[in-house]
Amino acid sequence: MNASDRALSDAVASERNATLPGVSLSRWTMSYFAAGLMSFALAQGLMVAGYGYPHAPVEAPETLALVHLIALGWLSLLLCGALFQFVPVLVAKPLHDNAMPLPTLVCLLIGLLALLLGFLQLGGQISLSLPFFPVAATLLVLGFTLVLWNLGRTLWAARPLPLPARFVVTGLFGIAGTVFLGAIFALVLGGATSHPHLIELTARGVPIHAIAGLGGWLTLTAMGVSYRLLAMFMLAPELDRLSSRLAFHLGSGALAVAFVGGVVAICFEWRLDFPLLTAALLGLGALALYGKDMLFLYRARKRRTLELNSRMAAFALLSLVLAAALVVVTIARGDLSTHAPAIVYLVAFGWLSGLGLAKLYKIVAFLTWLECYGPVLGKMPTPRVQDLVVEPRAVKWFGLYFLAVWAGTAALLFDYPGVFRAATALSLIATVAIAMQLFRTRRLRDVEHATAVAAGARRPRLLWSLSRQA
Amino acid sequence: MSAALNDGLPERIKDALRLVIDPELGYNIVDLGLVYDVSVDDSGEARVIMTTTTRGCPATGYLKDGARDSVEATAGVTSVDVVLTYDPPWTPRMMSADAKRHLGIAEGEGW
């Protein structure tokens, strides 16, 4: 028996003794995506109508409602839905509990609704005297605790973790910190506590809350997932090299310094400048190394012809580079706080939402294919995942989306609120059109009729997946 | 089973396995190099040793079941055992020339 035969024999023996990695479809991921897209469209509709910044101050309740509709209703739900499916892929272990995402979603959605009503109450737009903020705090803490428990148990069972999963762990610390501060703010704003330290934390802690959420939770997690997904979809080598590990350590350090340093500075009534500036430098270092790694992945890919999702992810990465450049320039000019809304908009809409929409285009097709054609694989000819989508039809909407977001960023930077509304109207049109493409994919509208309805192939549900255990 | 029927059975099994595609790459698992070994004994009991392009892929179970179903339908096969392995891990170098051409990968490229 030669070495190759021995390896194959060992494989036979090892599969008898161990469960080889195969993960099931996440049943509720599509529901998270649908709720997220609806929140995103609603938020942009409100922005087009002139609701919130720049037609109201950054700290106005309307702006805060809008920010949370995007950060929680769109980006966090999108990320949670994606993580319930892809953390198991990252660590090659099944999700700890495949039923828990539904009650989690219910908690998060009702908590978000209560939070939005709390902001409307704060702004005097509704006169109900119900305790919206304490209810929001309770439900959002519960919802994210369930997220942390489910993903945390999945990750814990898979130690030692590969690098992309370690980014996700740091991201989970980010959401824990964000929710911790957010719950304190909600309890203070709702009048449930008048402890002076908590009031001080609410008055000065908003930048830490925002950095932990946008930087720690959303950005670090998206970075980790993109290391793996881009490598998978482009047939590029999976990276675990010095620059990737350094990006992880610098990113984690940035979050730790911003959160711990920031909270300590507030408690001791020190200035926030030092911890936040240190975190910004660490974060920029992490982004530079991450950018270098992404460039390497695109150059080292084996698939010469890129699919739409990978091409559009490059525009999202470009938005992140632009946002980082704006941070550097505005720090140097001393007007970071003036232009912070434009930078946050570019991060949320260009980087995070752009990457999210690009990856949704692939993930929805992939999960729909698995659900519909996976069970008949080997029994009949099946289409490819790419046969479920029509890229030439979708590309113009993605192009419009990114152009609109970049125009909107310029409008905020140069203070043209009317242009910003017009740009947001265009990004809303593009978002709705992309959502329609996802709907068509889910409904198999673009698959040849004969293949779509062939015997044995099941038509997927729009909002949930019929799961199978691998 | 007669020797005549068994002749060329591994090749017929490989042909049957070409019905199974990797959904992401859109090409059959044999030419992608995901099937490491096909063996069949005199009684028609077949064994397929295969892998997936990435560990933890959500399609893993479907690919394994699809391979089993396609081989079971091959004349001369009495039973089939599909074994999954990640040793050695798959690389693009394992693809056939046709699969590489289909995906636009130059001959010999890989990691």
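The values are calculated or read from the model by the stated rules, or taken from the named source; none is laboratory data. Model, not experiment: these values are computed from the prediction. For neighbour counting, all protein chains shown are included, and Cβ atoms are generated from backbone atoms with ideal geometry for every residue, glycine included. The accessibility values were calculated without ligands, DNA or RNA, using every heavy atom of the protein model including side chains. Shrake-Rupley method; radii C 1.70, N 1.55, O 1.52, S 1.80 Å.
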(request) Mind giving me the FRET efficiency for A:THR193 and A:ARG271? R0 is 25 Å, r the Cβ-Cβ distance, nearest 0.05 is fine. (result) 0.50
(request) Find which of A:LEU120, A:PHE248, A:THR278 sits farthest along the positive direction of the dipole of chain A, computed with +1 on the beta-carbon of Lys and Arg, -1 on that of Asp and Glu, about the Cα centre. (result) A:PHE248
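Computing the accessible area with a 1.4 Å probe over protein heavy atoms, can you report the carbon and sulfur percentage for region A:305-461?
Values: 4090 of 6030 Å².
Carbon-and-sulfur percentage of accessible area, whole number: 68.
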(message) Could you report region B:3-98's accessible area per residue, 1.4 Å probe, as an integer in Å²?
(response) 37 Å²
(message) Taking beta carbons within 10 Å but only from partner chains, what does the mean come to for residues A:379-390?
(response) 4
(message) Suppose the Debye formula is applied to equal point scatterers at every Cα of region B:3-98; what is log10 I(q)/I(0) at q = 0.20, 0.21 Å⁻¹?
(response) -0.92, -1.00
(message) Report the A-B buried area as the accessible area lost on both sides summed, probe 1.4 Å, in Å² to the nearest 100.
(response) 3500 Å²
(message) Residues of region A:59-91 that become at least 30 Å² less accessible with every protein chain present than in their own chain isolated, using 1.4 Å: which are they?
(response) A:VAL89
(request) Extending each Cα 7 Å along its Cβ direction at A:TRP156 and B:SER43, get the distance between those two points in nm, one decimal. (result) 4.7 nm
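Express the carbon and sulfur contribution to the solvent-accessible surface of region A:13-159 as a percent, rounded to the nearest whole number, probe 1.4 angstrom.
Numbers: 3990 of 5730 Å².
For region A:13-159, the apolar C and S fraction of the accessible surface comes to 70 percent.
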(message) Compute the helix-to-body angle for A:132-156: its Cα long axis versus the longest principal axis of chain A, expressed 0 to 90° and rounded to tens.
(response) 40 degrees
(message) Rounded to the nearest 20 debye, what is the charge dipole size of the protein assembly as shown about its Cα centre when +1 sits on each Lys and Arg Cβ and -1 on each Asp and Glu Cβ?
(response) 680 debye
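Mind jotting down a quarter of the surface of the convex hull over the alpha carbons of region A:305-461, in square nanometres, one decimal? Display every interim value, and only then the final one.
Details: hull surface 41.5 nm².
One quarter of the hull surface, i.e. the mean projection, equals 10.4 nm².
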(message) Can you give me the angle between helix A:417-442 and the longest principal axis of chain A, using Cα atoms only, in degrees from 0 to 90, rounded to the nearest 10?
(response) 20 degrees
(message) Given a 1.4 angstrom probe, what's the average accessible area per residue across region A:305-461, in square angstrom?
(response) 38 Å²
(request) Tell me the label-point distance for the pair A:ALA288, A:ARG458, using the 7 Å Cα-to-Cβ offset, in nm and rounded to one decimal. (result) 5.2 nm
(message) Quick check on packing: order A:377-387, A:292-302, A:174-184 by the mean number of other C-beta atoms within 10 Å, highest mean leading.
(response) A:174-184, A:377-387, A:292-302
(message) Need one number: % antiparallel among DSSP beta bridges in region B:3-98, to the nearest 5.
(response) 55 percent
(message) List the residues, sorted by chain then number, that are 5 or more residues from B:ASP37 or on another chain and whose placed amide H is less than 5 Å from its amide H.
(response) B:ILE49
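Give the carbon-plus-sulfur fraction of the accessible surface of region B:17-111 in %, rounded to a whole number; probe 1.4 Å, heavy atoms of protein chains only. Could the numbers behind the result be given before it?
On the way: 1590 of 3400 Å².
With neighbouring chains kept in place, the figure for region B:17-111 is 47 percent.
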(message) Once each part is reduced to its C-alpha centroid, what is the distance from region A:168-235 to region B:25-50 in angstrom?
(response) 48 Å
(message) Rounded to the nearest angstrom and ordered from largest down, what semi-axes does the equivalent ellipsoid of region A:229-272 get from its C-alpha gyration tensor (root of 5λ)?
(response) 36, 10, 5
(request) Name the residues whose placed amide hydrogens come within less than 5 Å of the amide hydrogen of B:VAL82, ignoring near sequence neighbours (fewer than 5 apart) on the same chain. (result) B:VAL48
(request) Kindly express, to the nearest 10 degrees and within the range 0 to 90, the angle between helix A:391-413's C-alpha long axis and the longest C-alpha principal axis of chain A. (result) 20 degrees
(message) Which one, A:PRO375, A:PHE132, B:SER43, is farthest towards the positive end of the dipole of the protein assembly as shown when Lys and Arg carry +1 and Asp and Glu -1 on their Cβ?
(response) A:PHE132
(message) Is there a quick way to get the dipole size of region A:305-461? I mean about its Cα centre, with the Cβ of Lys and Arg at +1 and of Asp and Glu at -1; what is the value in debye to the nearest 20?
(response) 580 debye
(message) Report the per residue volume, in Å³, of the convex hull enclosing the C-alpha atoms of the protein assembly as shown.
(response) 150 Å³
(request) May I ask you to find the residues of region B:74-102 that are shielded by at least 30 Å² of accessible area once the whole protein assembly is considered instead of their isolated chain (probe 1.4 Å)? (result) B:VAL83, B:LEU84, B:ASP87
